[in-house]
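The values are calculated or read from the model by the stated rules, or taken from the named source; none is laboratory data. Quantities reported herein were computed from a predicted structural model and do not represent experimental measurements. Glycine also receives a Cβ, built like all others from the backbone with ideal geometry; neighbour counts cover every protein chain displayed.
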Amino acid sequence: MTSTRTSPVEVVEDALRLFFAARRDEAAAIGPACVDAVAELETYVLRGGKRVRPTFAWLGWLGAGGDAEDATAQAVVRICAALELFHASALIHDDVVDASPTRRGARAAHVMFADRHRQQCWNGNSELFGTGAAILTGDLAQGWADDLIHTSGLPAPALARVSPVWSALRTEVLFGQLLDVTAEAAGDEDIATPLRVNQYKTASYTVERPLHIGAAIVGADPGLVAAYRAFGRDIGVAFQLRDDLLGVFGTPEETGKPSGGDLIQGKRTMLFAAALGYADERDPDAAKFLRAKIGTEISDDELAAMRAVITEVGAVDHIERDITRRTERALAALRESSATDDAKEELTAMAISATQRTS
């Protein structure tokens, strides 16, 4: 997707640059630390990423009858930019929660702020400073995402339709994150728990609600909204299942994160829950090994052994089948919808890309 009609990536990034430029003076008037935080946030947002969420919102709008040549298009671009800014907030906070050292092959925000504290020889604990500064920067991104929504320039009726969807998106992501950290702390092994986490922490704000926002801008009929949401839930969960596989089997070069990071961090994913379920049935000693090692400092040999168990008991095949089933079901819902043919084609391509990616 290269044209601005089907992909908003370049215009969304331009809108983000303009937004940051407009807020620099505000930060400078308050203090140098604020300027530094804004500069870090801008670098973080523009450093990389696939712009999946803005593209789904854009295609949702086009598929519901939006016109890229219409006067509303620039307002829609700002809505799409808000989704990317909110995504940055979620990533910054997620890395703090998970104590992840890297993001997209670079230092995570909390690590960057901690390193700055050490380099400046400031008072207090560098890690605590880094955590606090990152949380506040993530909060700033979330607040500014709200600003982009409410100053987007959408006509009042369209903004009134978008606002409750945007509110639902924010709430669902935060509750999904809370479910995730609670499951890790409790050692929850019920496979229904990571599915619920995937639905709210990932599927909602990655695919389902961005499409819903695009439809709401136009005022699409309930049938199309329902089809978009069904497509979005399944593709969003499949997207996360692919991420779970990469979190165990992906390399740092592919993912920008440490090898086996999900196992080291104790992530209670659907992959791990499936592995425990199968291992309990087929190889209790392997199940005991997985339970003993999840969330610990795992050596390279132990990581290789955990990967072997997860594969040999059938958990990888289980997740691959689920990805395929959800993708096929999502595409069937899309085909039967009233979305435009062009949007169906582009959304199908995005669905396949999102669920079959290697990074």
Go through (1) out of contact with any helix residue (DSSP H, G or I) (no Cβ under 6 Å at 6 or more places or on another chain); (2) of a type outside the set (A, V, I, L, M); (3) within 22 Å of Val97 (Cα to Cα) and name the single condition Arg282 misses.
(3)
Given (1) touching a Phe, Trp or Tyr at 6+ places or on another chain (Cβ under 6 Å); (2) in a loop (DSSP other than H, G, I, E, B), number of the condition Ala133 does not satisfy:
(2)
Subset of region 154-170 (residues that are more than 17 Å from the chain's Cα centre (by Cα) and exposed (fewer than 14 other Cβ atoms within 10 Å of the Cβ))
Pro155, Ala156, Pro157, Ala160, Pro164
Yes or no: region 268-277 includes at least one residue that is crowded, with 18+ Cβ neighbours inside 10 Å, under 25 Å from Ala109 (Cβ atoms) and modelled with pLDDT under 95.
yes
Among the helices (runs of 4 or more DSSP H) contained in region 288-359, which hold 3 or more residues that are within 25 Å of Ala203 (Cβ to Cβ)?
315-335, 341-356
Going by the structure shown, is Thr206 within 29 Å of Gly153 (Cβ to Cβ), among the β-branched types (Val, Ile, Thr), in contact (Cβ under 8 Å) with a residue 24 or more places away in the chain and out of contact with any Ser or Thr (no Cβ under 9 Å at 6 or more places or on another chain)?
yes
Name the residue that is modelled with the highest pLDDT, counting only residues in region 97-110 that are surrounded by fewer than 21 Cβ atoms within 10 Å (Cβ to Cβ) and in a helix (DSSP H, G or I).
Val97
Looking only at region 39-72, which residues are under 23 Å from Pro155 (Cβ atoms), in a loop (DSSP other than H, G, I, E, B) and of a type in the set (Gly, Ala, Ser)?
Ala64, Gly65, Gly66, Ala68, Ala71
Check off (1) more than 30 Å from Ser337 (Cα to Cα); (2) polar (S, T, N, Q); (3) in a helix (DSSP H, G or I) for Asn123 and give me the number that stays unchecked.
(3)
Take Ser3 and decide whether it is modelled with pLDDT under 95, assigned by TED's automatic domain parsing to the domain that holds Thr137, surrounded by fewer than 16 Cβ atoms within 10 Å (Cβ to Cβ) and in a loop (DSSP other than H, G, I, E, B).
yes
Read through the list (1) at pLDDT 95 or above; (2) of a type outside the set (Val, Ile, Thr); (3) part of a helix (DSSP H, G or I); (4) surrounded by fewer than 24 Cβ atoms within 10 Å (Cβ to Cβ), then give the number of the only condition that Asp36 fails.
(1)
Could you grab me the full set of residues in region 29-58 that are among the aliphatic types (A, V, I, L, M) and either touching a Gly at 6+ places or on another chain (Cβ under 7 Å) or under 18 Å from Asp139 (Cα atoms) (or both)?
Ile30, Ala33, Val35, Ala37, Val38, Ala39, Leu41, Val45, Leu46, Ala57
